[in-house]
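*Asks:* Pasting a structure here, questions to come.
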């Protein structure tokens, strides 16, 4: 007899976003909360497999700090696309998310770049917001108390133009209730080094990570740039400097023209490309990075469907961030959580963790005994 | 869903739901008027607000498309949008057929604020800008106000059909080539109405709005309006507050490339006198004095 197709429903019966205000701080969830809710079963149908063997989607993004950043599921929302978590609250069940990365935060307030700041491109979009934000103190004042009452962890994305900037911002965030961790955006100009991005320079990337590491015990993620000549070097430097996890990738620099005015379309000329166009690049970076580091990787870049999530997991990511796709479909992350649960259940996986790195040459073996693929820096087509 | 008390300025909460296309019609070359059954939207939406619609997955488009409410019919539970086909998104939208469904996020943004004492409402529209102020004509007439609409277009072929306006609206047209109505810009017509109008509401190309804002700036002096206030000088409402906008003679509906439309991405800003302002959240309606008109935005 053919078994009935598994059906898993993870949407809650009643509006859980009431928890936004009401839930007392419970930072460390041990299992997917969504699975506590009764699953859709009917009396005369045998309970689907998923109901008997719940899938565990939890993931520890800072294994070196036990319990500091254990997410209930591996679907996060990317910095800059979800504001401070409050903007989408009317239409998104934010408490169901794995974590929220808030808008990039700097030491002082920034007004950002002149408009227009966004434009759509084939299979993607360009943005040049220019890190508009009210500054770290205002962010803490305005949102930290609210975040502390949320069940979903909030990672504060930090940007700066000198190592001191990063360290000062992170010191202010250290110990603030509601701040679950820090994600460093190091695709910023290093003013002390002639404006070269930290993320393109192995020494600078290592130095800023190490300095921030000394300044805080918060879980620390560092975001790779896809523009690096060899991301493996940068990733090794970041891991060596004590980061808990790597997020990959940031946007890729691009531009668009206003043909009527015969000028660059964006007020800032250049913008960061994001969206589906970036997915193959993100996948390549995650695949290369996973072969040289042992810390978790959080994949970002063009996640828009379950297939994208699976690709990134198999390429070595422990979790993914949804970014640009939120603009078209704010409820996508919630749906991905359900779809990933159903996928694991249908294939008899106890956890999505069994998928992590399964497409690597080593098949996900421990870092020490890993087989390695050739690096992309040696060329994509030409093989010597 | 969030249990926080609504802010004093709050309008209806946004929702993410489907609307069913009831009627679609090309009212001008390349310009479409579409009516959707969406009682959940029409119940709370106000003139000046907008809706963010999703194109299908296969379109390859990653952003939604924002449209002002063109009309809001609370009784029939319908809203309409008016757009020009300018790219893939609007091309797809124009090909939709009655019965098909469109995913909408709305109502979004802040509406036009009409002072309760205002009797005479002046609407200014440049081209497709009519889509931004059209709903206010209905809203103002419903509340017993008189409405004049000054409309500007390049040529007679692009003039908004008067049959789509309520009979009570005084409709005055200007065309750049003089093929219909006044020969020149719509802004040329404003001085004739500035004494009559208690408040003015404009939507159109940036240069037109900047020109109207400049005219409005000198209105108080020309009209001899004294701002004496109440005893002790009166209360000054903070720039951008609903109270301040309600007192502004000119409100404008601004346009900008948009990302999330809920205030998260900071993509759709225009430069204001008080720093960058999000069109989707602080706008799309602004009091004219909130915008830094000399900066290109």
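Derivation of every value follows stated rules applied to the coordinates shown; laboratory data play no part. Only a predicted model underlies this, so the values are computations on that prediction, with no experimental measurement involved. FYI the Cβ positions are ideal-geometry reconstructions off the backbone, even for glycines, and counts take in every protein chain you see.
*Asks:* Expressed in nm to one decimal, what extension gain is obtained for the pair residue A:108 and residue A:259 from 0.36 nm per residue of sequence separation less their Cα-Cα distance?
*Replies:* Working: separation 151, 0.36 × 151 = 54.36 nm, distance 3.60 nm.
The span from residue A:108 to residue A:259 would gain 50.8 nm if fully extended.
*Asks:* Under the definition of partner shielding as Cβ atoms of other protein chains within 10 Å of a residue Cβ, what is the mean value for peptide A:326-333? Don't skip to the end; give the middle numbers.
*Replies:* Working: counts 5, 14, 13, 7, 9, 1, 0, 0.
For peptide A:326-333, the averaged partner shielding equals 6.
*Asks:* Suppose only helical runs count, i.e. DSSP H with n ≥ 4. What mean residue ellipticity at 222 nm does that imply for the protein assembly as shown under -39500 (n - 2.57) per run, divided by all residues and rounded to the nearest 500 deg cm²/dmol?
*Replies:* Details: 17 runs with 139 residues, N = 681.
-5500 deg cm²/dmol, from helical runs alone.
*Asks:* Here's something else I'd like to know. What percent antiparallel are the DSSP beta bridges of the protein assembly as shown, to the nearest 5? Before the final figure, lay out the partial values.
*Replies:* On the way: 56 of 108 bridges.
Once the DSSP bridges in the protein assembly as shown are tallied, antiparallel ones form about 50 percent.
*Asks:* Any idea how far apart residue A:294 and residue B:237 come out in nm if each label point goes 7 Å out from Cα toward Cβ?
*Replies:* Here the answer is 6.3 nm between the modelled labels.
*Asks:* Rounded if a/c is under 1.5, else prolate if a/b is larger than b/c, else oblate: which is the stretch A:88-235, with a ≥ b ≥ c the root eigenvalues of its Cα gyration tensor?
*Replies:* Here the stretch A:88-235 falls in the oblate category.
*Asks:* Count, for each residue of B:267-276, the Cβ atoms from other chains sitting within 10 Å of its Cβ, then give me the mean as a whole number.
*Replies:* On the way: counts 16, 4, 12, 3, 4, 0, 0, 0, 4, 9.
Mean shielding by partner chains, rounded to a whole number: 5.
*Asks:* Largest first and in whole Å, what are the equivalent-ellipsoid semi-axes of the stretch A:223-272 based on the Cα gyration tensor, each being the root of 5 times an eigenvalue? The partial results should precede the final answer.
*Replies:* Details: eigenvalues 230, 18, 8 Å².
For the stretch A:223-272, the semi-axes come out at 34, 9, 6 Å.
*Asks:* Taking the Cα centroid of the stretch A:235-280 and of the stretch A:66-127, what is the distance between the two, rounded to the nearest whole Å?
*Replies:* 15 Å
*Asks:* Across the residues of A:91-102, average count of Cβ atoms on other protein chains within 10 Å? Each step should come with its number before you reach the end.
*Replies:* Details: counts 8, 3, 1, 2, 0, 0, 0, 0, 0, 0, 0, 1.
Per-residue shielding by partner chains comes out at 1.
*Asks:* To the nearest Å, what is the center-to-center distance of the stretch A:289-334 and the stretch B:116-167, using C-alpha atoms only?
*Replies:* Cα centroid of the stretch A:289-334 versus Cα centroid of the stretch B:116-167: 48 Å apart.
*Asks:* Under 1.5 on a/c is rounded, so check that first for the stretch A:104-153, then, if it is not, pick prolate when a/b is larger than b/c and oblate when it is not; a ≥ b ≥ c are the square roots of the alpha carbon gyration tensor eigenvalues. The partial results should precede the final answer.
*Replies:* Working: a/c = 4.26, a/b = 1.64, b/c = 2.59.
Since a/c reaches 1.5 but b/c is at least a/b, the shape of the stretch A:104-153 is classed as oblate.
*Asks:* Also: So for the stretch A:288-384, averaging the separation of alpha carbon pairs under 8 Å that are six or more residues apart and normalising by length, what relative contact order in percent results?
*Replies:* Numbers: 110 pairs, mean separation 29.4, N = 97.
With pairs under 8 Å counted, the relative contact order is 30 percent.
*Asks:* Okay, next question. Within 10 Å of each residue's Cβ, count the other Cβ atoms and sort B:254, B:223 from fewest upward. Walk me through the intermediate numbers first.
*Replies:* Values: B:254 24, B:223 11.
With the fewest neighbours first, B:254, B:223 line up as B:223, B:254.
*Asks:* Starting from the Cα of residue B:117, step 7 Å along the direction of its Cβ; do the same at residue B:188; then give the gap between the two resulting points in nm.
*Replies:* 3.5 nm
*Asks:* How would chain B be classified by its alpha-carbon gyration tensor: rounded, prolate or oblate, with rounded meaning a/c under 1.5 and the a/b versus b/c comparison settling the rest?
*Replies:* Details: a/c = 1.62, a/b = 1.23, b/c = 1.32.
Since a/c reaches 1.5 but b/c is at least a/b, the shape of chain B is classed as oblate.
*Asks:* Along the principal axes of its C-alpha atoms, what lengths does the protein assembly as shown span, in descending order and rounded to whole Å?
*Replies:* Principal extents (Cα only, largest first): 83, 68, 60 Å.
*Asks:* What's the FRET efficiency of residue A:347 with residue B:167 using the Cβ-Cβ distance as r and R₀ = 56 Å, to the nearest 0.05? Show your work: numbers first, answer last.
*Replies:* On the way: r = 66 Å, r/R0 = 1.17.
For R0 = 56 Å, the calculated efficiency reads 0.30.
*Asks:* Need one number: nm distance between label points at residue A:138 and residue A:193, each 7 Å from Cα along Cα→Cβ, rounded to one decimal.
*Replies:* Modelled inter-label distance: 3.0 nm.
*Asks:* If you take the beta carbon distance between residue B:88 and residue A:331 as r and set R0 to 41 Å, what does 1/(1 + (r/R0)^6) give as a FRET efficiency, to the nearest 0.05? Please report the intermediate quantities before stating the final value.
*Replies:* Details: r = 23 Å, r/R0 = 0.57.
My answer for the efficiency is 0.95.
*Asks:* In what sequence do A:259, B:76 fall when counting other Cβ within 10 Å, fewest first? Let's see the in-between values first.
*Replies:* Details: A:259 8, B:76 11.
Exposure proxy ranking, most exposed first: A:259, B:76.
*Asks:* OK, next. Hey, fewest Cβ within 10 Å first, where do B:247, A:103, B:214 land in order? Mind showing how you got there, number by number?
*Replies:* Values: B:247 15, A:103 25, B:214 12.
Starting with the residue having the fewest Cβ neighbours, the order is B:214, B:247, A:103.
*Asks:* One-quarter of the Cα convex hull surface for the stretch A:207-304, in nm²? Walk me through the intermediate numbers first.
*Replies:* Details: hull surface 31.4 nm².
Here the figure is 7.8 nm², rounded to one decimal.
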